[in-house]
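Asks: Structure provided below as structure tokens; questions to follow.
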Amino acid sequence: MSNPVRIRVPQNLSLNQAINFCHRLWNDSSDAEQYEFDFGRMGHVEPFTMAYVANELKRYRATKADARFTATNYAAHSYPAHMGFFRAFGLGHGNKPGQALGSSSYIPITILPVAEVHKEADERFLNIGDVLEEKALRIAQLLVRQHEGKLVDTLTFAIREIMRNVVEHAESDFIEYCGQYWPSKGMVEVAILDVGKGVARGLQSNPYIVMSDDRDALQLALLPGISGKMYRGVKRRANDVWQNSGFGLYMTRRICGAGGSFFIVSNTAGMLFDNTGKHDRNTTYAGTALRLRFNTDAILDHDNMLDQFRKEGYATARTLSGAEAIEPSMASVMLARDFDGDR
Ligand SMILES: Nc1ncnc2c1ncn2[C@@H]1O[C@H](COP(=O)(O)OP(=O)(O)OP(=O)(O)O)[C@@H](O)[C@H]1O
Ligand SMILES: [Mg+2]
């Protein structure tokens, strides 16, 4: 048998390096009998890039069903092993996704089957949004080691909105998430990924939207009031606080914009918003993946912050669509716990 094609995972799995590594992976059109993933140089890893690269390695393997895959130099990597990184693409080393009991400051790669969310909602007579809000609250509490408060509320809201998008729009079999809190840096990172159809196809059901590629689709989806499921002519259900209004991604991006950063990938396009502005990335992913980074010192007043973003969002939506602008629905701008009146 010929020598295996060696695929070296880079030393620093920062966002740019992870994206570039995946480009190299897919650009190599070799058709070998054997491939070897070499983790010898891998040093710095982050929750999002770990989950992202693991999904890409898994998909790469799946496209070469007849080839043999081996791995070297992985044994010394205890943090990614603990986070479920190796198991996530099928290497029998370390914890399975979700197996490590998330310690106080991190959550390992965890797979939440969408079917389980539906089942739980049915059994408890709850809406999907309520079920996901509970799960998001638990994740937020575990990460920041606080039971309640503004930080927990803000994280819960953002995590819930991104998870809800997976269930409502992605047609993915699972929601994947992981995260880490660095108290000394005042930073929380939450990664939420799916392997669904991507934002462009999510928006396609809105007949008023014209877009030519994944980048266009992301640009539009991030605007307030743009939704694949709510547009002129769709009946508003007065009693359904969870009805889509196109505010989830907008609100989440604004929250992360308060001293943190927001990164979204959908198939071939990625967009990073950080303190230096907006940056486009070409990507190779299959599905939608988000990295939310929160500055814990900047999240001072959850209610006022969300209220301000909602007002500004609606004003922007009106300048975009005039009288046709879609008003933000209650759910996508606040926590269910805080809703007024009957539901
Ligand atoms: N994970 C995803 N997979 C596929 N499409 C998505 C995904 N996330 C968002 N989208 C698309 O982007 C659009 C905008 O998302 P956003 O969360 O801002 O609004 P919404 O979900 O439609 O409404 P709301 O969040 O206010 O309930 C969605 O309507 C959908 O078409
Ligand atoms: Mg949404």
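The values are calculated or read from the model by the stated rules, or taken from the named source; none is laboratory data. Since the structure is predicted, the reported quantities are computational estimates derived from the model, not experimental observations. All Cβ positions, even for glycine, are placed from backbone atoms using ideal geometry, and neighbour counts span all protein chains on display. Surface areas here come from the heavy atoms of the whole protein model, side chains and all, with no ligands, DNA or RNA. Shrake-Rupley method; radii C 1.70, N 1.55, O 1.52, S 1.80 Å.
Asks: Counting residues that are in contact (Cβ under 8 Å) with a residue 60 or more places away in the chain, open to solvent by less than 40 Å² (accessible area, probe 1.4 Å) and within 14 Å of ligand 2 (Cβ to nearest atom), which helices (runs of 4 or more DSSP H) fully inside the range 92-210 reach at least 1? Full working, then the answer.
Replies: Values: elements: 114-123, 128-144, 150-165, 199-203.
Where helices (runs of 4 or more DSSP H) fall fully within the range 92-210 and carry at least 1 residues being in contact (Cβ under 8 Å) with a residue 60 or more places away in the chain, open to solvent by less than 40 Å² (accessible area, probe 1.4 Å) and within 14 Å of ligand 2 (Cβ to nearest atom), they are 128-144, 150-165, 199-203.
Asks: If I ask for residues that are among the acidic types (D, E) and at pLDDT 90 or above, which ones from the range 308-343 would you list?
Replies: Step one: filter the range 308-343 for residues among the acidic types (D, E), giving 312, 324, 327, 338, 340, 342.
The one that is among the acidic types (D, E) and at pLDDT 90 or above: E312.
Asks: Any idea how many residues of the range 241-274 are more than 15 Å from ligand 1 (Cβ to nearest atom) and touching an Asp or Glu at 6+ places or on another chain (Cβ under 6 Å)?
Replies: 1
Asks: If you check L290 against the conditions, is it open to solvent by 20 Å² or more (accessible area, probe 1.4 Å), within 16 Å of ligand 2 (Cβ to nearest atom), under 19 Å from the mean Cα position of the chain (by Cα) and in the same structural domain as E171 (by TED's automatic domain parsing)? Can you show your working first?
Replies: Values: open to solvent by 20 Å² or more (accessible area, probe 1.4 Å): no; within 16 Å of ligand 2 (Cβ to nearest atom): yes; under 19 Å from the mean Cα position of the chain (by Cα): yes; in the same structural domain as E171 (by TED's automatic domain parsing): yes.
It is false that L290 is open to solvent by 20 Å² or more (accessible area, probe 1.4 Å), within 16 Å of ligand 2 (Cβ to nearest atom), under 19 Å from the mean Cα position of the chain (by Cα) and in the same structural domain as E171 (by TED's automatic domain parsing).
Asks: Turning to a different aspect of this structure: Exactly one of (1) buried (at least 19 other Cβ atoms within 10 Å of the Cβ); (2) modelled with pLDDT of 90 or more is unmet by I226. Its number?
Replies: Looking at each condition in turn, I226 falls short on (2).
Asks: Against the conditions (1) more than 6 Å from ligand 1 (Cβ to nearest atom); (2) within 12 Å of the chain's Cα centre (by Cα), where does V166 fall short? Just the number, please.
Replies: Unmet for V166, out of (1) more than 6 Å from ligand 1 (Cβ to nearest atom); (2) within 12 Å of the chain's Cα centre (by Cα): (1).
Asks: Further question on the same structure: Which count do you get for residues in the range 251-267 that are within 16 Å of ligand 2 (Cβ to nearest atom) and either aliphatic (A, V, I, L, M) or closer than 20 Å to E56 by Cβ (or both)?
Replies: 4
Asks: Scan G233, G248, G270 and give me the residue that is away from ligand 2 (no atom under 16 Å from the Cβ), surrounded by 16 or more Cβ atoms within 10 Å (Cβ to Cβ) and assigned by TED's automatic domain parsing to the domain that holds T110.
Replies: G270
Asks: Do the conditions hold for G277, that is, is it away from ligand 1 (no atom under 16 Å from the Cβ), at pLDDT below 90, farther than 24 Å from I139 by Cα and open to solvent by less than 50 Å² (accessible area, probe 1.4 Å)?
Replies: Details: away from ligand 1 (no atom under 16 Å from the Cβ): yes; at pLDDT below 90: no; farther than 24 Å from I139 by Cα: yes; open to solvent by less than 50 Å² (accessible area, probe 1.4 Å): yes.
Against the criterion (away from ligand 1 (no atom under 16 Å from the Cβ), at pLDDT below 90, farther than 24 Å from I139 by Cα and open to solvent by less than 50 Å² (accessible area, probe 1.4 Å)), G277 does not qualify.
The rows are residues; the columns are (1) under 28 Å from V53 (Cα atoms); (2) modelled with pLDDT of 95 or more.
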site	(1), (2)
G90	yes, no
L101	yes, no
E133	yes, yes
G149	no, no
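Asks: Given the options A71, A76, name the one that is open to solvent by 60 Å² or more (accessible area, probe 1.4 Å), free of Cβ contacts under 8 Å to residues at least 60 places away in the same chain, more than 16 Å from ligand 2 (Cβ to nearest atom) and not assigned by TED's automatic domain parsing to the domain that holds F262.
Replies: So the residue among A71, A76 that is open to solvent by 60 Å² or more (accessible area, probe 1.4 Å), free of Cβ contacts under 8 Å to residues at least 60 places away in the same chain, more than 16 Å from ligand 2 (Cβ to nearest atom) and not assigned by TED's automatic domain parsing to the domain that holds F262 is A76.
Asks: Tally time: how many residues in the range 247-274 are in a loop (DSSP other than H, G, I, E, B) and within 13 Å of F48 (Cβ to Cβ)?
Replies: Here is the first cut: in the range 247-274, the ones in a loop (DSSP other than H, G, I, E, B) are 247, 258-260, 267-268.
Narrowing further to those that are within 13 Å of F48 (Cβ to Cβ): 260.
Selection size over the range 247-274: 1.
Asks: Shifting gears a bit: Output the residues belonging to the range 211-221 that are within 30 Å of F89 (Cα to Cα) and crowded, with 17+ Cβ neighbours inside 10 Å.
Replies: If the condition is that a residue be within 30 Å of F89 (Cα to Cα) and crowded, with 17+ Cβ neighbours inside 10 Å, then D214, R215, A217, L218, A221 are the ones that fit.
Asks: Just for the range 251-266: of the residues that are open to solvent by 30 Å² or more (accessible area, probe 1.4 Å) and touching a strand residue (DSSP E or B) at 6+ places or on another chain (Cβ under 8 Å), which one is nearest to A170 (Cα to Cα)?
Replies: Residues of the range 251-266 that are open to solvent by 30 Å² or more (accessible area, probe 1.4 Å), as a first pass: 253-254, 257, 259.
Going one step further and asking which of them are touching a strand residue (DSSP E or B) at 6+ places or on another chain (Cβ under 8 Å), we end up with 253, 257, 259.
Numbers: R253: 19, G257: 24, G259: 29 Å.
Ranking the candidates gives R253 first.
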